[in-house]
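Novice: Mind having a look at this structure? Questions to follow.
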Amino acid sequence: MTQNDLFYLLALQQVEGIGNITAKKLLQHFGSPEAIFQAKKTELAKIDGIGKSTIANLHKKDGFEQAESEILFLEKEDINVFSFQCNEYPDRLKNCHDAPLLLFQSGNVNWNNSKIISIVGTRQITTYGTDFTKKLLEELAPLNPIIVSGFAYGVDIVAHQAAMDLNLQTVGVLAHGLNQIYPKTHKKHMAKMQENGGFLTEFWTYSKPDRENFVKRNRIVAGISEATIVVESAERGGSLITAEIANDYNREVFAVPGRATDKYSQGCNNLIKTQRAQMITSAADLIYLLNWDIKNKTTVENKAIQKQLFVTLSEDEQKIYNYLQTKGKELMDIIALDCDLPIFKISSILLNMELKGVVKPLPGKVFEVV
């Protein structure tokens, strides 16, 4: 992205009546951000969603001074900026219709890593939630995923810290500009995060962590990753909004189950009960449902995946084995349906069978007998 394009994109963001979706329409039609400001009123009026007031706001060019000021800050602080048209822009987020026009990033993040998961949850994390998060990341560490969260109290900061302890890249998605940090008590973690990961935001300098910004932030957390994991949540909470957005984006959503009487398991239990999230009890569930390649790697249970000479199968495993011997190969959901097994249970059964060397996964959540 050239300096000229950045200037006009920043200016475009300051035009009242133009959001991310409308800005993308304008760019698609006119080809460049500068051309939008040079376009005639008659040409602008042809764009769906562009009314007279928006056209008038464009021609005022009120955002030029703010754009210049923002560029000076970005250069001074060595902040990376990606437009949604850049190759550096995270691929999965780029495919979301309401993805930010621009992203501001500090630190050192390798978005070429295809294994990206978001971990969210309550700010009032319990010992159960803390232990689960640490164990989950410990199990996933051999696969080297990027861990994304919101750098808030509770589940967020536990996930970031656990990732840093395991030398995994971790990214905090912020609800404000990069000239500040919220909450301030987490400032002590910034330097280490930026060594192997960093911070991401769509908000300009001096944007405050206002309430509505957190909801906007949540769509980035949901859209940037392959899956979102809700560790703990009360019956209502911001993490449930993230889960809902992830479902809307056709991303996988996982929830950690808890006791029916636990306050901070109510949200997770409801997600599972209403089939808006898959139940996750270990990294094995995630690995299986995402069909991550675990060939030539130590599995989460430290067992090599190989064919065994004498295999003992459980009743459910034998049922699936017999079924696949007849069918040859089949989708996981169809296996669950035809074998009369609950979908939340089928992933862990199939993983155990893979570890025993009797089935193998194929692309698209298809499995066949070895």
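Please treat every number below as a calculation from the coordinates, not as lab data. Every value quoted in this text rests on a predicted model; they were computed, and no experiment measured them. All Cβ positions, glycine included, derive from the backbone under ideal geometry; neighbour counts span all protein chains shown.
Novice: Set the Förster distance to 25 Å, then compute FRET efficiency between Gln180 and Asn95 from the Cβ-Cβ distance, nearest 0.05. Please report the intermediate quantities before stating the final value.
Specialist: Working: r = 30 Å, r/R0 = 1.20.
The computed FRET efficiency comes out at 0.25.
Novice: Let me ask something else. Quick one, can you get me the convex hull of the C-alpha atoms of the chain expressed as volume per residue in Å³?
Specialist: Details: hull volume 57.7 nm³, N = 370.
Each residue corresponds to 156 Å³ of Cα convex hull volume.
Novice: Asn144 to Ser69: extension gain in nm, 0.36 nm per residue of separation minus the Cα-Cα distance?
Specialist: Working: separation 75, 0.36 × 75 = 27.00 nm, distance 3.83 nm.
Net length gain for the segment: 23.2 nm.
Novice: For Asn167 and Asn322 in the same chain, what is the full-extension length gain: residue separation times 0.36 nm, less their Cα-Cα distance, in nm?
Specialist: Full extension of this stretch gives 51.6 nm more.
Novice: Follow-up question, since we're still on this one. At q = 0.10, 0.13, 0.16 Å⁻¹, what is the base-10 log of I(q)/I(0) for the stretch 106-289 according to the Debye formula with one equal point scatterer per Cα and no solvent? Please give it to two decimals.
Specialist: -0.34, -0.58, -0.91
Novice: Can you tell me what the convex hull of the Cα atoms of the stretch 58-200 projects to on average, as an area in nm²?
Specialist: On the way: hull surface 39.9 nm².
So the mean shadow area of the Cα hull is 10.0 nm².
Novice: Taking just the alpha carbons, could you work out the radius of gyration and Dmax for the stretch 1-80, both in angstroms?
Specialist: 12.7, 40
Novice: Roughly how compact is the stretch 131-231, stated as its Cα Rg over 2.2 N^0.38 Å to two decimals?
Specialist: Values: Rg = 13.0 Å, N = 101, 2.2 N^0.38 = 12.7 Å.
In units of the 2.2 N^0.38 Å rule of thumb, it is 1.03.
Novice: Follow-up question, since we're still on this one. Exactly which GluC sites (Glu not before Pro) in the stretch 1-74 are in a DSSP loop and have at most 16 other Cβ atoms within 10 Å? Can you show the working numbers first?
Specialist: Values: sites: Glu16, Glu34, Glu43, Glu65, Glu68, Glu70; in loops: Glu16.
Hits after loop and neighbour filter: Glu16.
Novice: Would you kindly calculate the translational diffusion coefficient of the stretch 315-369, applying Stokes-Einstein with the Kirkwood radius from alpha carbon pairs, for 20 °C and a viscosity of 1.002 mPa s, and quote it in µm² s⁻¹ without decimals? Mind showing how you got there, number by number?
Specialist: Numbers: Rh = 10.7 Å.
Reported coefficient: 200 µm²/s.
Novice: Determine the relative contact order of the stretch 3-76: mean sequence separation of Cα pairs under 8 Å and six or more apart, normalised by residue count, in whole percent. All intermediate terms of the calculation are to be shown ahead of the outcome.
Specialist: Numbers: 58 pairs, mean separation 33.6, N = 74.
It comes to 45 percent, rounded to a whole number.
Novice: Assuming R0 = 25 Å, what is the FRET efficiency of Glu368 and Ser282, from their Cβ-Cβ distance, to the nearest 0.05?
Specialist: On the way: r = 24 Å, r/R0 = 0.95.
The formula returns an efficiency of 0.55 here.
Novice: Please tell me which of these pairs span more than 22 angstrom C-alpha to C-alpha: Lys115/Lys263; Lys134/Lys208; Lys94/Lys115; Lys187/Lys208; Lys115/Lys360; Lys115/Lys356?
Specialist: On the way: Lys115/Lys263 31 Å; Lys134/Lys208 31 Å; Lys94/Lys115 16 Å; Lys187/Lys208 16 Å; Lys115/Lys360 20 Å; Lys115/Lys356 25 Å.
From Lys115/Lys263; Lys134/Lys208; Lys94/Lys115; Lys187/Lys208; Lys115/Lys360; Lys115/Lys356, over 22 Å: Lys115/Lys263; Lys134/Lys208; Lys115/Lys356.
Novice: Continuing with this model, one more query. Provide the gained length on full extension for the span Lys24 to Cys339, in nm with one decimal, where the gain is 0.36 nm per separating residue minus the Cα-Cα distance. Don't skip to the answer; put the middle values down first.
Specialist: Working: separation 315, 0.36 × 315 = 113.40 nm, distance 4.69 nm.
Working it through step by step, the gained length comes to 108.7 nm.
Novice: Report relative contact order for the chain in percent, whole number only (criteria: Cα-Cα under 8 Å, sequence separation at least 6). Could the numbers behind the result be given before it?
Specialist: Values: 638 pairs, mean separation 44.5, N = 370.
For the chain, the relative contact order is 12 percent.
Novice: In addition: What does the charge dipole of the chain about its Cα centre add up to, to the nearest 20 debye, if the Cβ of each Lys and Arg holds +1 and the Cβ of each Asp and Glu holds -1?
Specialist: 240
Novice: Along the positive direction of the dipole of the chain (beta-carbon charges: Lys, Arg +1; Asp, Glu -1; about the Cα centre), which of His176, Ile71, Gln3 reaches farthest?
Specialist: His176
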